[in-house]
1. How many residues does segment 52-73 hold that are surrounded by fewer than 17 Cβ atoms within 10 Å (Cβ to Cβ) and in a helix (DSSP H, G or I)?
2. Here are Lys49, Lys16: which of them is surrounded by 14 or more Cβ atoms within 10 Å (Cβ to Cβ) and assigned to a helix (DSSP H, G or I)?
3. Would you be able to say whether some residue in segment 5-20 is out of contact with any helix residue (DSSP H, G or I) (no Cβ under 7 Å at 6 or more places or on another chain) and of a type in the set (Phe, Trp, Tyr)?
4. Got at least one residue in segment 35-42 being surrounded by 11 or more Cβ atoms within 10 Å (Cβ to Cβ) and in contact with a Ser or Thr (Cβ under 8 Å, 6 or more places away or on another chain)?
5. Among Val25, Val4, which is the only one that is among the β-branched types (Val, Ile, Thr), surrounded by fewer than 14 Cβ atoms within 10 Å (Cβ to Cβ) and in a helix (DSSP H, G or I)?
6. Which of the following residues is at pLDDT below 85 and either within 26 Å of Gln8 (Cβ to Cβ) or aliphatic (A, V, I, L, M) (or both): Ala66, Ala37?
7. Which residue, of Ala66, Ala39, is in contact with a Phe, Trp or Tyr (Cβ under 6 Å, 6 or more places away or on another chain), within 14 Å of Ala7 (Cα to Cα) and among the hydrophobic types (A, V, I, L, M, F, W, C)?
Amino acid sequence: MTTVKMAQFADVRTRKTYENWEKGVGSPTVNQFISMATACGYSAHSLIKQYIERANHKTEVNYDEAALSNEES
């Protein structure tokens, strides 16, 4: 996905804002995060749940588990 498309999904004016997020400068709102995660085929619910339930702050989120095709009903 291009940075322009991701900026559109996040509803920001230019791709520069999104590119800054990629560089660790600033961060999206929760609503922007959910929009981008959904646009990329991930379940925002699953990502947030994994983030909350992880054993420690260094544990990575499992993106395969969060893919929408794997989401439980």
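1. Of the residues in that region, 8 qualify.
2. Residue meeting the stated conditions: Lys49.
3. no
4. yes
5. Answer to the selection: Val4.
6. It is Ala66.
7. Every option except Ala39 fails the conditions.
The values are calculated or read from the model by the stated rules, or taken from the named source; none is laboratory data. Since the model is a prediction, treat every value here as computed from it, not as a measurement. Backbone-built Cβ (ideal geometry, glycine too); neighbour counts: all protein chains shown.
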